[in-house]
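First the structure, in the form of structure tokens, and then the observations on it.
Each value in this text was obtained by applying a stated rule to the coordinates, not by laboratory testing. Because the structure is predicted, anything quoted here is derived from the model rather than measured. When we count neighbours, we look across all protein chains shown, and the Cβ atoms used for this are built from the backbone with ideal geometry, even at glycine.
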Amino acid sequence: MWNNKSLLYPLLLLLLFVLSVVLGLGNMVDRAVLQDVRHTLMVEKAKWVADAMQKNLEETINHTSLFKESWVDSLTWLPPPQGASGAAVSAADTAQFEEKWEKVRQLFPLWQMDFLLIVDPSGGVLHQLPETVSKEYLFPKELLEMAQQELQTRELWMTLDRMEGQWAIQVFAHLPSSQSKGVLVVFGQYLEKIVTQLETDHPELTFLLAGDGELLGADPIARDPALLKPELIDQAIEENRPLFDDNTRLQWNLYYAPLQLLDQIVCLVIPIELKAANKILGRSQKKLRQAFWFVLLGFFLAGLAFTFLFFLPLRKLRAQAGQLLAANAAGAAPPDNELKCIQQALTRVTSPPAEASPKVPAI
């Protein structure tokens with residue numbers, strides 16, 4: 001059908017096709033840039049929060065180490081457990097213990113420790129600060145065995161584990177008393193306190209620390225049940241890889257990044273507002289629109305050059321070819337297609353004239 005039409009039509013369709021391709025690629029680039037920007041913002045924020053968390057954790061470890069050197073190493077006056085040496089503790093030793101333990105109780109809050117426990121080899125609590133820690137609390141057997149094993153080659157062993165239902169940085173050390181074999185002193189801080197302090201020091205850091213069914217952090221966005229997905233928390237911890245909840249229909253997206261805290265892996269949940277990503281995307285779109293107009297201008301100038309250098313001369317040749325065909329074939333309209341018209345004219349001009357057949361004389 002297009003054989004007899006002017007070349008102007010396919011040229012216009014080609015131009016429209018190229019423009020549609022450019023617009024389609026621009027839209028694809030926009031979506032890719034939006035996702036990349038959101039992912040980059042989440043990774044950067046997760047790294048920022050993780051670095052701050054690790055810094056606070058290091059400060060806690062240094063603080064607990066100093067507490068051990070200054071206080072725990074001086075607990076040699078503690079009496080051995082009942083029956084540990086085969087004899088009962090004397091009344092004088094008991095009175096001395098109660099007097100010194102009272103001083104420890106009064107000064108203990110100054111160290112900002114959350115707990116200090118004296119634990120016997122079976123895991124039972126002999127003495128505790130503060131008194132809110134239950135004496136009936138028993139440390140898991142596996143945890144005590146691991147602590148005893150690690151303390152054979154080091155003075156301190158730290159772990160992140162639960163104590164009375166809360167995640168806690170627990171520091172284990174041998175009681176510095178030659179009479180108390182196998183007795184451990186356990187001290188440290190609750191993880192929630194570290195998270196709260198981090199949020200207080202850096203209110204711009206919005207995050208949630210999740211793991212084993214527990215959520216630490218006051219950020220209301222990350223705690224929103226419509227956004228938070230527990231299955232992604234478990235998956236990020238089990239596979240030890242970050243996961244990105246990509247949903248452009250929501251105002252916020254969540255990023256789930258595994259974080260190593262001592263001997264445990266927890267999940268750092270980072271909320272990112274799409275408005276922040278859209279601002280960066282807006283700058284990208286502005287540059288893309290500028291590039292699109294430059295491309296469109298380039299096509300326009302190329303079209304003008306093509307028109308003046310090729311199409312207008314071709315139209316003149318088509319007019320001359322049409323006159324030639326009209327003169328040699330009366331009543332037949334030459335085709336509108338420029339190349340087709342010129343081809344027919346050249347064929348007509350270069351073809352030899354047909355020879356007249358000889359007349360046979362009548363008998």
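Below is a table of values for the structure above.
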{"item": "Computed E for Q235/Q112 - FRET, C-beta separation, R0 35 angstrom, nearest 0.05", "result": "0.45"}
{"item": "Cβ-Cβ FRET estimate between W48 and V104, R0 fixed at 30 Å, reported to 0.05", "result": "0.15"}
{"item": "Segment Q148-K55, length gained on full extension (0.36 nm per residue, minus Cα span)", "result": "30.7 nm"}
{"item": "Computed lengthening from D73 to Q197, 0.36 nm per intervening residue step minus Cα-Cα distance", "result": "41.9 nm"}
{"item": "Sequence-distant residues sharing a close amide H with F115 (under 5 Å, placed H)", "result": "G188"}
{"item": "Extended-chain gain in nm, criterion 0.36 nm per residue less alpha-carbon gap, D224 and D246", "result": "6.3 nm"}
{"item": "S90/Y137 FRET efficiency (R0 25 Å; Cβ-Cβ; nearest 0.05)", "result": "0.35"}
{"item": "Simple label model, 7 Å out from Cα along Cβ direction - K275 to Q260, nm", "result": "3.8"}
{"item": "Among the listed pairs K68/K141; K55/K100; K47/K103; K55/K181, those beyond 32 Å (Cα-Cα)", "result": "K55/K100; K47/K103; K55/K181"}
